[in-house]
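Trainee: Here you go, one structure.
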Amino acid sequence: MIQIIDSYDVIVVGGGHAGSEAALAAARMGCQTLLLTHSVETLGQMSCNPSIGGIGKGHLVKEVDALGGAMASVTDEAGIQFRILNASKGPAVRATRAQADRVLYRKHMRQRLENHPNLKVFQQAVDDLILEGDRVVGVLTQIGIRFNARTVILTAGTFLAGRVHVGLQNYQAGRAGDPPALTLAHRLRELQLPVGRLKTGTPPRIDGRSIDFSVMLEQAGDSPIPVFSFLGKKEQHPAQMPCWITHTHQGTHDIIRAGLDRSPLFTGVIEGVGPRYCPSIEDKITRFADKDSHQIFLEPEGLTVNEYYPNGISTSLPYDVQYALVRSIKGLENAHITRPGYAIEYDYFDPQGLKNSLETKALQGLFFAGQINGTTGYEEAAAQGLLAGINAALQVKEKEAWCPLRSEAYLGVLVDDLITRGVSEPYRMFTSRAEYRLSLREDNADLRLTERGYQLGVVGAERWQAFDIKRQSIEKEQQRLKSSWVNPRIVSQYEATQVLGQSIEREYPLEELLRRPMVSYEALMTLPTAGPGVSDPAVAEQVEIQAKYQGYISRQKMEIERSVQQETLRLPQNLDYSLLSGLSKEAQQKLAKHLPQTLGQAARISGITPATISVLMVYAKRGFSGQLKTA
Amino acid sequence: MSSTDIIAAIATAPGLGGIGVIRVSGRLITPIILSLCARALKPRVATLCHFQDHADTLIDQGIAIYFPAPHSYTGEEVLECQCHGGPVVLQQLLRRILMLGARSAEPGEFSLRAFLNNKMDLIQAEGVADLIAASSEEAARCANRSIQGEFSKVVHQIAQELVTLRALTEAMLDFPEEDIEPQTLENQKKQLFFIDSHLKQLIVGSGQGRLLREGAVIVLAGKPNAGKSSLLNRLAEEDIAIVTEIPGTTRDLIRQNINCEGVSLQFVDTAGLRDATDIVEAIGIERTWSALQTADLCVFIVDATLGLTPEDDAISAQFPNSLPVITVFNKMDCLLTQPQLQSHPSQVWISAKTGEGLPELKKTILSALGWQGVADGVFMARARHLEAMQVAQQHLMKASETQLQQEIFAEELRQAHENLMTITGQITPDDLLGEIFSRFCIGK
């Protein structure tokens, strides 16, 4: 071993989306932070499709942004197509999605990492964790350099014992073109952490010069062009590009069926579980055999490269089958494949072994974030990285850990789902996972989180000031709308019908009129004496949405208030559940396995009944006297 | 620790008792008191109240006591209502309180709250955990018994229909980019309509189950000397009420439980209705009218030898509008000529003296109460299940009103489903996603 070179507050292992946000968050909070990566060139690499956001995922990106994270603003600088999905539906399910230029994304992320105060980057793969008892105190790199650290965040992505499959051939890799982390994976297995295998995959990439776009449907970005970050401006965006849509057909499916005998998925070579919502094309045509066509989006990989990402035909079939199936598709008859598609299997650790700070229950000071926890997606990874970074920093500062509640953020839903239910397939965010969906919107991510982030020290002064101004304008305008009345003597019948759809028979406060489904803020401001409204469109939007959803939000608030007691009642980690007499054997075993941190977490473990929760409340009230394990 | 959640339950043992007690506990229960008792209550003072339903008609007269926090059994604000102990009245009162915003208490929940608010010492508290465990087991056993078989099957079926509709709705919200065949609003509306009508059927069927368990109150009313007390005695097959030739013999309400085809019917004999000069009789007549306010059914007794007189018409005109009435022509044995028996659904000819016509009367009463005999579609749902189904149904109704806004539509479906899940058990969001992924090929 080489002698100790340096000592850090926080060491982040991995420079993907989780690692980048983790390192930046810890550094923003003033911690001396080291980011270790096996390759500086691949910091911020998008290994799969070149896009950020989408329904549920866009929500996470906005939350990361509201807490000072980088993902949204890097996307603003690297995005080559921006759209608002579900624009025709209500604000709670609207979400931003951007195609990103891979090269620009890496460049801007690397710039942020390299230029951040308190943050250093070092290129070395990590082979081992250094432990003292059940505490992590540092890491050992591939060539034997030891770094000491008070906390370590592991964001290993698909690199832990990664194995790439193309047809029946397979080899060890972290992703195509990168080496896997074998020694570290081996070492983590030795530490008896509960390990499992998952699988994900990518499609073959295609040279844009060989694609006939003229037979495909063009999908352009939105106009006006959206921005991702609350501080973002559309002037930051580079040139914009369209996506293209084509379809598979029966001929394509026949080719795939003929190759199934050489599919690692269908011959049992791959053991890891893949996601149901992102199946390979061979999986799709098998499970939905009656569907005679599948949609394919051709997404540009960047402004300076020719490659296209055919979203929808992820596959691990042998290369000759890939070649034939791609060329069977309309517009791809002459396609040149630049990289074969592949599936990758990798180790993950059962997230039920984590606290809601993302610290492992087994090893103090060790945090996990990203795919290592069984999730998939850049956005899910970034959100966890940010939270792990915050909590590692809080631990260094000897402050209490923090995690938003399910009622406060998708980040809270994500972490709570992971630690109370575990995963059975790579976990991806959907809005249907959030019971408080109407309150957890993209548009109010800053209102939900920025103040808390500022208190935690992870949100800087510039963002805080911008936010504070916005929040004050919202409150001021809401007050004004409540106290300004519209009088039927002043508003003509014509004007009322134009704006409200009907005449008014008595005086109304503006706020009440705005609650009506068909009345927009903009139109309302045109009524005599109603305007002028606020000029900041974000403020106007917020005022309008809050008025429209008011009834539902207050109902959800009551639901939330009821759950807060449970969410805040803490359960000791050294509780001996076998000594709690009112509990069934099954409940005792489940609780002993999960060691929930709060009563709320306990309630969400499958098979735990309300009666069990009542019994726990009784013991909690008594301080669990006599039921604690002595260390 | 004080919960915003208001809980309520019948505190006395089930069955017929002299007095029944309903206990309500929580924070801010004053609005419930004001609506239920129609007056404010002085702390810790037993007050005679008229417990009222939503239309301000009387459910029962009884004693209410308000205990402000923290000086109460649970340490929260508590209201205790003591009323006449029949299961029917108690259920009516409880249902009214639930409508006012309380929810049914979980097993052992009052004791739990008392304990959490330092109202029990450690030694008393030793038993609380065991009590909760035991009573929840008992409740689970009961629930199991009641939701076995057909009821459980139907609830699950409706829940499954709801899952399907939710999956369609959620898929459109979460996967707008997939080439999912777009669900037309008409399609959603149609499915919602089916679920709603299935749930309504179930609620009606469960109401029958409730009838089987909780019974019904039937008031015998009519002019003096029409033969009400004779009929009660004949129905009970014993001499319960004093019968004389003197009009106005019955002064107070006399209640008697009679089992008809397994349904427990409480018959209430009352003072004959007329302009009374006697003070005692006048009070008795007042009680007759208030008994009619809360009855499930009125048996209106007419002297067949006199036929329907103007006095009879004046009486029946004053019956509460929503109260079903069966007109019984008594004393058919005294008729010189046999009456021409028309098959009018709400008219029966009997003789309380000979017992003639009684089987027909019982049959008519049961069918007027909605009893169709124990057959398919009668579900032994508990009040808690009925409550959950009714709330679910309200959300389905709201969903049908807000269909243009898909995310609000989805929210109402979620609320409806969550209520049904208190009967069927939880499904996780992952199960819902599973439904989506098995139906649609998601894979962008």
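Just so you know, all these numbers are worked out from the coordinates, no wet-lab data involved. Here the structure is a predicted model, which means the values were calculated and not measured. Note that we place each Cβ from the backbone using ideal geometry, even for glycine, and neighbour counts take in every protein chain shown.
Trainee: Shielding by partners for A:607-619, please: the mean number of other protein chain Cβ atoms within 10 Å of each residue's Cβ.
Mentor: Details: counts 1, 0, 4, 6, 12, 3, 2, 15, 9, 1, 8, 14, 2.
Per-residue shielding by partner chains comes out at 6.
Trainee: DSSP beta bridges in the protein assembly as shown, what fraction antiparallel, as a percent rounded to 5? List each step's numbers first, then the result.
Mentor: Numbers: 85 of 131 bridges.
Percentage antiparallel, nearest 5: 65.
Trainee: Next question. Along the principal axes of its C-alpha atoms, what lengths does the stretch A:501-612 span, in descending order and rounded to whole Å?
Mentor: Each principal axis gives a Cα extent; for the stretch A:501-612 these are 71, 30, 18 Å.
Trainee: Between residue A:487 and residue B:197, take the C-beta separation as r, use R0 = 56 Å, and let me know the FRET efficiency to the nearest 0.05. Mind dumping the intermediate values first?
Mentor: Values: r = 46 Å, r/R0 = 0.82.
It comes out at approximately 0.75.
Trainee: Decide, for chain A, between rounded, prolate and oblate: order the square roots of the alpha carbon gyration tensor eigenvalues as a ≥ b ≥ c, take rounded if a/c falls under 1.5, and otherwise choose prolate if a/b is larger than b/c, else oblate.
Mentor: Details: a/c = 1.60, a/b = 1.12, b/c = 1.43.
Note, shape of chain A comes out oblate.
Trainee: Using a 10 Å cut-off around each Cβ of peptide A:381-388, what is the average number of partner chain Cβ atoms that fall inside?
Mentor: Numbers: counts 0, 0, 0, 0, 0, 0, 0, 0.
Partner-chain Cβ atoms within 10 Å, mean over residues of A:381-388: 0.
Trainee: Which lysines, on any chain, are close to residue A:399 with Cα under 22 Å apart, when same-chain ones fewer than 8 places away are left out?
Mentor: A:355, A:361
Trainee: How far apart, in nm, are two points set 7 Å out from the Cα along the Cα-to-Cβ line at residue A:215 and at residue B:69?
Mentor: For the pair residue A:215/residue B:69, the computed spacing is 7.2 nm.
Trainee: Would you mind listing how long the stretch B:7-119 runs along its three principal axes, going by Cα atoms, in whole Å with the largest first?
Mentor: So the three principal-axis extents are 38, 30, 23 Å.
Trainee: Which residue, chosen from A:467, A:614, A:44, occupies the Cα position most advanced towards the positive end of the dipole of chain A, where the dipole is computed from +1 (Lys, Arg) and -1 (Asp, Glu) charges on Cβ about the Cα centre?
Mentor: After comparing all options, I get A:614.
Trainee: Taking the alpha-carbon distance from residue A:470 and a cut-off under 26 Å, which lysines remain once sequence neighbours fewer than 8 residues away in the same chain are dropped?
Mentor: The qualifying lysines are A:57, A:62, A:89, A:233, A:234, A:482, A:548, A:557.
Trainee: Then there's this: Tell me, what HN-Hα J-couplings in whole Hz come from the Karplus equation 6.51 cos²θ - 1.76 cosθ + 1.60 at θ = phi - 60° for each residue of the stretch A:421-432, using x for Gly and Pro?
Mentor: Listing the rounded values in order: 10, x, 10, 10, 7, x, 8, 10, 7, 9, 5, 6 Hz.
Trainee: Between residue A:451 and residue B:253, what is the FRET efficiency for a Förster distance of 51 Å, r being their Cβ-Cβ separation, to the nearest 0.05?
Mentor: Numbers: r = 64 Å, r/R0 = 1.26.
The pair residue A:451/residue B:253 has a calculated efficiency of 0.20.
Trainee: While we're on this one: What's the magnitude of the charge dipole for the stretch B:7-119 around its Cα centre, counting Lys and Arg as +1 and Asp and Glu as -1 at the beta-carbon? Answer in Debye, nearest 20. Could the numbers behind the result be given before it?
Mentor: On the way: 10 positive and 8 negative charges, 43 e Å.
Computed about the Cα centre, the dipole is about 200 debye.
Trainee: Sort B:288, A:42, A:304, B:57 so the one with the fewest other Cβ atoms within 10 Å of its own Cβ comes first.
Mentor: Details: B:288 24, A:42 18, A:304 10, B:57 14.
The most exposed by this proxy come first: A:304, B:57, A:42, B:288.
Trainee: Explain nothing, just the number: relative contact order of the stretch B:7-119, from Cα pairs under 8 Å at least 6 residues apart, as a whole percent. Before the final figure, lay out each step's value.
Mentor: Details: 225 pairs, mean separation 35.7, N = 113.
Reported relative contact order: 32 percent.
Trainee: Moving to a separate point now. Within 10 Å of each residue's Cβ, count the other Cβ atoms and sort A:28, A:97, B:234 from fewest upward. Mind dumping the intermediate values first?
Mentor: Values: A:28 27, A:97 24, B:234 19.
So the residues, fewest neighbours to most, are B:234, A:97, A:28.
Trainee: Oh, and also: Relative to the present Cα-Cα distance, how much length would full extension add between residue A:424 and residue A:183 at 0.36 nm per residue of separation? Walk me through the numbers before you get to the answer.
Mentor: Numbers: separation 241, 0.36 × 241 = 86.76 nm, distance 2.56 nm.
Answer, rounded to one decimal: 84.2 nm.
Trainee: Just name one of B:279, A:25, A:66: the one whose Cα is farthest towards the positive end of the charge dipole of the protein assembly as shown (beta-carbon charges, Lys/Arg +1, Asp/Glu -1).
Mentor: Final value for the positive-end residue is A:25.
Trainee: Now for a different question. Of all DSSP beta bridges located in chain A, what percent are antiparallel, nearest 5? Can you show the working numbers first?
Mentor: Details: 55 of 79 bridges.
Roughly 70 percent of the beta bridges in chain A run antiparallel, per DSSP.
Trainee: Among A:344, B:365, which comes first, then next, by fewest other beta-carbon atoms within 10 Å? Write down the numbers at each step before the final one.
Mentor: Values: A:344 27, B:365 24.
With the fewest neighbours first, A:344, B:365 line up as B:365, A:344.
Trainee: So if R0 is 51 Å, what FRET efficiency would residue A:558 and residue A:114 give, r being the distance between their Cβ atoms, rounded to the nearest 0.05? Please report the intermediate quantities before stating the final value.
Mentor: Values: r = 48 Å, r/R0 = 0.95.
Taking R0 as 51 Å, the efficiency between residue A:558 and residue A:114 is 0.60.
Trainee: Per residue of B:168-178, count partner chain C-beta atoms within 10 Å of its C-beta, then hand back the mean as an integer. Intermediate results must be reported in sequence, preceding the final value.
Mentor: Details: counts 0, 1, 6, 2, 3, 11, 13, 5, 10, 11, 4.
Per residue, the number of nearby Cβ atoms from other chains is 6 on average.
Trainee: Below 13 angstrom from the Cβ of residue A:253, what's the summed charge of the other residues (Lys, Arg +1; Asp, Glu -1)?
Mentor: Details: positive: A:257, A:284, A:287, A:291; negative: A:254, A:282, A:283, A:290, A:292.
Overall, the nearby charge balance is -1.
Trainee: Nearest 500 deg cm²/dmol is fine: what mean residue ellipticity at 222 nm does the protein assembly as shown get from its DSSP H runs of n ≥ 4 alone, each adding -39,500 (n - 2.57), divided by its residue count? Walk me through the intermediate numbers first.
Mentor: Details: 32 runs with 424 residues, N = 1075.
Mean residue ellipticity at 222 nm (helix-derived): -12500 deg cm²/dmol.
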